[in-house]
Amino acid sequence: MFKVIVVDPISEEGLKSLTDHEQFEVDINTGLSESELINIIDSYDALIVRSQTQITPPILDAAKNLRVVARAGVGVDNIDINYATKQGILVINAPDGNTISATEHSMAMILSMARNIPEAHRSLQDGNWDRKKYRGTELYKKTLGVIGAGRIGLGVAKRAQSFGMNILAFDPYLSSDDAKRLEITRATVDEIAEQADFITVHTPLTPKTKGLVNEDFFNKAKPNLQIINVARGGIIDEDALIKALDEGKIEKAALDVFTEEPANNTPLTQHEKIIVTPHLGASTIEAQEKVAVSVANEIIDIFENNNVLHAVNAPQMSGEVEEELRPFVELSRTTGEVGIQLFEKGPRELKIKYHGEIALDDTSLITRQLVMGVLQQDLGDHVNLINALVLLNEQGVTYQIEKNSKKYGFSNYIELELVNKEHSIKIGSTVLNGYGPRIVRINDYPVDFKPEKHMLLIHHNDQPGIVGKMGQILGEHGINIASMHLGRHSIGGEALMVLSIDDEASEETIADLFAIEGFQSINKVELNQSL
Ligand SMILES: NC(=O)c1ccc[n+]([C@@H]2O[C@H](COP(=O)([O-])OP(=O)(O)OC[C@H]3O[C@@H](n4cnc5c(N)ncnc54)[C@H](O)[C@@H]3O)[C@@H](O)[C@H]2O)c1
Ligand SMILES: O=C(O)CC[C@@H](O)C(=O)O
């Protein structure tokens, strides 16, 4: 039985798949303070939020059993993503459930602003009949600047086109092909500032977008500019906005979002040239149901099938893809385990190479498995797919990835190199058709073995009789050899022996083996499990 807590008001109808599910127990407990949530969170496996509850480090610290934080909406700024990632807690969202509602709300804001609807409504209610004062502006043939051409930005662009507007858009991910197909002109932020009659922002709030629309921007703007923000407070610098409106540099603004919410204590909500709504972009029956359905179904899929569709802090994972990549996934974790045990000291850098067909795949899951293998030795179960790269960084270890679709002797080849100032170790691995996962290279030695739970890797001189002596000593210690592989550079030169044994070799056994003439070094490798 998995326990889920819902801490913000969310459509209960939309949560039905979860509340009706026999494997899940759902508690709806909204309006909790931080300390109230801290007191109860440790018994839950999943947490569902909207935008009100702040998911802070103290809550995540107390959440000892939490596997998933689900945001029933798009923006995840109320969740400390970095901290959740470090704690190995998956964060998911519902990125498209409220797109249509937020798009329509943006259009409503543009139209209300252009036609002075809220002011005219209030004036009429106050007993006036003032038709001159509330003369508006047509959208037809005007230019709309869209900053952030994602789901909502493009939705607004499409609707604005049906009003006969020309669209300028700025988004680093908008390709020229897409722009052409959508009949949108790609533009810089400055070009939008200089040419647009209306502007709408639809980016997330990030260090790059915070204050993207600022005093400098307003200085370049046309005096008739009307601007809206239904994305996140702070993308438009609020002080600069008030100044630009007061100085007549632009005409009007419409805001659904604010840097501080609830926005009860700000001149923005009282300004005569700004129309406001209290973060209503996603507040429709349909959107709230869709986001609830989305997070409820995804939580079930995560716990039942390990499928993650809308991960915010992890690669997308699906049981199916994982199944397809399973041999590589297990092989890579094992490769990391073998590598760190052979390396002995802490590496400062990991160099990961993907050669052959696998280089064309999304390898993020495999990279994380390699890193997990490396870290698990010291960090144990705390490391998982979510936090592996963060914890690696915290250990002061960098990593780089090289991909080359050319084959490297095998149709797929993964190489992990652990490096520090003194030395480096390379472990090459592959999945052989029909034979499964294999380690095929250790440094410059070609080898071919399936990693097993108890192994010994012995550097020795290639000389007659050495294998017999080793077998005899292991026999005397009651250890059976399951398999043995030899790799050497040249006859009589240095060689590497890889032994799989049925039981772990004791320190005493290793000392006796080490006494064999010609043995240079012995590494004991103990894996969490055999492949
Ligand atoms: N008011 C509401 O109730 C409400 C509802 C839904 C979404 N939102 C907010 O609306 C925003 C957009 O949501 P979406 O679903 O369209 O997201 P999205 O991810 O589909 O689109 C965001 C776009 O912003 C672009 N972008 C990122 N950084 C940029 C930058 N520096 N300059 C230009 N473009 C940049 C991205 O490339 C992406 O195309 C988010 O902030 C979301 O939280 C608000
Ligand atoms: O939950 C809400 O009402 C706000 C949602 C919206 O801001 C979002 O980013 O999805």
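The values are calculated or read from the model by the stated rules, or taken from the named source; none is laboratory data. Everything numeric in this text was worked out from a predicted model, so none of it was measured. So basically every Cβ, Gly included, is an ideal-geometry build from the backbone, and we count neighbours across all protein chains shown. The accessibility values were calculated without ligands, DNA or RNA, using every heavy atom of the protein model including side chains. Shrake-Rupley method; radii C 1.70, N 1.55, O 1.52, S 1.80 Å.
Just to be sure I follow the definition: excluding the sites themselves, where is the longest run in the chain that has none of the chymotrypsin sites (Phe, Trp or Tyr not before Pro) in a DSSP loop with at most 12 other Cβ atoms within 10 Å? Result for the longest clean stretch: 174-434.
Modelled label positions at Asn528 and Ser405, each set 7 Å beyond Cα in the direction of Cβ, lie 3.3 nm from each other. Summarising the amide proton neighbourhood of Asp8: residues at separation of 5 or more, or on other chains, whose placed amide H is nearer than 5 Å comprise Arg50.
Across every direction, the projection of the convex hull enclosing the Cα atoms of the chain has a mean area of 31.4 nm². For the chain, what is the mean residue ellipticity at 222 nm derived from helices alone (per DSSP H run of n ≥ 4: -39500 (n - 2.57); sum divided by total residues; nearest 500 deg cm²/dmol)? Helices in the chain give a 222 nm mean residue ellipticity of -10000 deg cm²/dmol. Computed about its Cα centre, the charge dipole of the chain is approximately 2140 debye, with only Lys, Arg, Asp and Glu carrying charge at their Cβ.
For Lys403, a cut-off of 12 angstrom between C-alpha atoms picks up these aspartates and glutamates, skipping any fewer than 8 places away in its own chain: Glu357, Asp361, Asp362, Glu415.
Among the trypsin sites (Lys or Arg not before Pro) within region 63-160, those in coil by DSSP and having at most 13 neighbouring Cβ atoms inside 10 Å are Lys64, Arg131, Lys132, Lys133, Arg135, Lys141.
In debye to the nearest 20, how big a dipole does region 413-531 give about its Cα centre with +1 on each Lys and Arg Cβ and -1 on each Asp and Glu Cβ?
440
At q = 0.12, 0.16, 0.17, 0.19 Å⁻¹ the log10 of I(q)/I(0) for region 136-249 amounts to -0.37, -0.68, -0.76, -0.96, computed by Debye summation with a single uniform scatterer per C-alpha, solvent ignored.
Across all directions, the average projected area of the convex hull around the alpha carbons of region 404-465 is 6.5 nm². Computed from phi, the 3J(HN,Hα) profile of region 403-417 under the Karplus parametrisation 6.51, -1.76, 1.60 (θ = phi - 60°) reads 10, 8, 6, 5, 6, 10, x, 10, 5, 9, 8, 10, 10, 10, 10 Hz, with x in place of Gly and Pro. Convex hull volume of the Cα atoms of region 483-531, normalised per residue: 96 Å³. What FRET efficiency do you get for Asn224 and Leu182 if R0 is 22 Å and r is their Cβ-Cβ distance, rounded to the nearest 0.05? Result of the calculation: an efficiency of 0.30. Under 5 Å between amide hydrogens, built in the peptide plane, is the criterion, and for Lys403 it picks out Tyr354 among residues at least 5 positions away or on other chains. Computed extension gain for Glu215 through His423, at 0.36 nm per residue and net of the alpha carbon distance, reaches 69.5 nm. Projected label points at Glu191 and His477, each 7 Å from Cα along the beta carbon direction, are separated by 7.2 nanometres.
Taking a Cβ cut-off of under 13 Å around Leu486, the surrounding Lys, Arg, Asp and Glu residues balance to a net charge of -2, with basic ones at +1 and acidic ones at -1. Length gained on full extension, Lys141 to Gln395, computed as 0.36 nm times the residue gap minus the Cα-Cα distance: 85.7 nm.
Shown for region 132-232: the carbon plus sulfur share of the solvent-accessible area, taken with all protein chains present and a 1.4 angstrom probe, equals 50%. Look at where the Cα atoms of region 313-331 and of region 160-211 average out, and the two centres are 36 Å apart. In the context of the full set of protein chains, region 18-110 has a per residue accessible area of 39 Å² (1.4 Å probe). In order along region 348-363, the Karplus-derived 3J(HN,Hα) couplings, from 6.51 cos²θ - 1.76 cosθ + 1.60 at θ = phi - 60°, round to 9, 8, 10, 10, 10, 10, 10, 10, x, 4, 5, 5, 8, 8, 6, 9 Hz, and Gly and Pro are given as x. Mind checking region 326-417 for GluC sites (Glu not before Pro) that DSSP puts in a loop (not H, G, I, E or B) and that have at most 12 other Cβ atoms within 10 Å? Of the GluC sites (Glu not before Pro), the ones in loops of region 326-417 whose Cβ has at most 12 other Cβ atoms within 10 Å are Glu344. The phi torsions of region 448-464, fed into the Karplus equation with coefficients 6.51, -1.76 and 1.60 and a -60° offset, translate into couplings of 7, 8, 8, x, 10, 4, 10, 9, 10, 10, 10, 8, 8, 7, 6, 9, x Hz, rounded to whole numbers, with Gly and Pro shown as x.
Residue separation of Met484 and Thr259 scaled by 0.36 nm, minus their Cα-Cα distance, works out to 74.5 nm of gained length.
Taking the convex hull of the alpha carbon positions in region 156-198 and averaging its projected area over all directions gives 3.0 nm².
With N counted as the residues of region 408-531, its alpha-carbon radius of gyration over 2.2 N^0.38 Å works out to 1.08. Annotation: amide H-H contacts under 5 Å for Ile227 (H modelled 1.01 Å from N, sequence separation of 5 or more, or interchain): Ile199, Lys252, Ala253, Ala254.
By the scheme Lys and Arg +1, Asp and Glu -1, what is the net charge of all other residues having a beta-carbon under 12 Å from that of Pro118? It works out to a net charge of +2.
Look at where the Cα atoms of region 243-262 and of region 463-480 average out, and the two centres are 82 Å apart.
Between Glu320 and Thr30, the simple label model (points 7 Å from Cα in the Cβ direction) yields a spacing of 3.5 nm.
Applying the criteria of a DSSP loop state and at most 11 other Cβ atoms within 10 Å to the trypsin sites (Lys or Arg not before Pro) of region 169-263 yields Lys208.
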